Amino acid sequence: MPHESRTPPPNAATITMAAVLAGAVMIAIVGTFLPGWVGLTGGPAVALQLVFYAIAAIDVAVAFWLRARLRKIQSSRGGGTVQRE
């Protein structure tokens, strides 16, 4: 049935946002410990941490954007009734 339009499940926005936020937290944790693991100190260590924190912040922004898009799709689809032809 290639012409069917599918509506995401009602909790898809929450699950997607939680997964992306968990990934952002993991990125921030790696960015915190990575300079010590590779033996960096001083300015390069701080720069590496800031890069990872910026990537995590962008990831959080993407999570909120995805949640908004999924909620918009869900609200535009209506009541979720099954229509058969």
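The values are calculated or read from the model by the stated rules, or taken from the named source; none is laboratory data. This one's a predicted model, so the numbers in the text were calculated from it and none came from an experiment. These accessible areas exclude ligands, DNA and RNA; they are computed on the full protein's heavy atoms, side chains included. Shrake-Rupley method; radii C 1.70, N 1.55, O 1.52, S 1.80 Å.
Descriptive notes on the structure:
- Exclusive hit being under 20 Å from the mean Cα position of the chain (by Cα) and modelled with pLDDT under 95, set L40, L50, L34, L70: L70
- Filtering the range 40-65 to residues that are open to solvent by 60 Å² or more (accessible area, probe 1.4 Å) and not in a helix (DSSP H, G or I) leaves L40, T41.
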